[in-house]
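Below is one structure, written out as structure tokens, with a few remarks after it.
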Amino acid sequence: MVEQPIVMAMREALWVAMQLAGPPLVLVLIIGLVVSLLQALTQIQEATLAFLPKIVAIGGLLMLTGPFMMGVLQAWATRLFDQVIAVGGLP
């Protein structure tokens, strides 16, 4: 059956997507919550106050976790290509 490797590949792809997108999304959520609370307390409604801290934090996080993310993507792509060959791709 070809369905089993396809289902496993899709499951693994979703897991890799969660590993890669999870930390930046959680960081942006926390920073957005803190900035919106600060804006509500001080009644400062400046758009750049909500935008700039998120950009700086995401840049820093990507610099710190970039090697990990590349390793996860590379390992996933290698496993995926090996599975394609095993299912019936190239000999």
In degrees, nearest 10, the alpha-carbon axis of helix 47-87 is tilted away from the dominant principal axis of the alpha carbons of the chain by 0 degrees
Once the Cβ-Cβ distance between residue 83 and residue 19 is put in as r, and R0 is 22 Å, what FRET efficiency do you end up with, to the nearest 0.05? 0.75
Correct choice for P(r) over Cα pairs in 10 Å bins from 0, in percent that was computed from the model, options (i) 12, 15, 14, 13, 10, 9, 8, 7, 6, 4, 0; (ii) 16, 46, 25, 10, 3, 0; (iii) 14, 31, 22, 17, 11, 5, 1: (iii)
Inter-label distance, nm, simple model (7 Å from Cα along the C-beta direction), residue 63/residue 34: 1.7 nm
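Here, each number is a calculation from the coordinates, and none is a lab measurement. Here the structure is a predicted model, which means the values were calculated and not measured. Please note: Cβ atoms are built from the backbone with ideal geometry, for glycine as well, and neighbour counts cover all protein chains shown.
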